[in-house]
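Throughout, read-outs are computed from the coordinates displayed, never taken from laboratory work. Please read these numbers as outputs of a predicted model, since none were measured by experiment. Here Cβ is always computed from backbone atoms with ideal geometry, including for glycine, and neighbour counts include all displayed protein chains.
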Amino acid sequence: YESFAAFMAESSRRIWSCGPKKAALEAKAPELPLTLLANAAASCVMPGDADAYAAWLSQRTGKSFRLPTAAEWEYAARALPAGAMSSSGVAEVVADCWHAQIPQAGNERIASRMSAIDCDGRMLKGAAAAEEACWHRHSARRQIGARETRATIGFRVMRPLDLTR
């Protein structure tokens, strides 16, 4: 939580009101070649907040952080031990712009590579604990507006590991 709170304070970004639950972040990282922070879901944020946090964290740490793509998120959900990805209790914004049809590999529209006009909606993966079972499938995906937020929407960040040790 401290990292996300520091980002919000330093960037003077607005903390969005989502009822009793405010934006939060906890970070605990498993060791994978591309580390998806398994217990690090911020909530009550817009997709742009998630992108800005990843950029801020990259600058602050000198390491490259970003949102996972939908494919990376799904791979991590399948590769991590059972339950590791569902522990956050929120649906998660990923780097992909919304696609009504799943594009062929390599043709995904990734928000950080697009203008805001070309990416007016984002993709969600996973589900909040109380949501319908259909959204808890690893392959499930749905849309969130570019300026939308709810207490049940959050994000995770990932980074490549330095394997040169």
Check your understanding: How about region 112-164: which GluC sites (Glu not before Pro) there lie in a loop by DSSP and see at most 12 other Cβ atoms within 10 Å?
Key -> GLU132
Revision key, fill the gap. Once Lys and Arg are counted +1 and Asp and Glu -1 for all other residues with Cβ under 15 Å from that of ASN107, the total becomes -1
Point to revise | Mean shadow area of region 64-151 over all directions, Cα convex hull, nm² | key: 6.4
Point to revise | Computed magnitude of the charge dipole of region 91-165 (debye, nearest 20; Cβ of K, R +1, Cβ of D, E -1) | key: 180
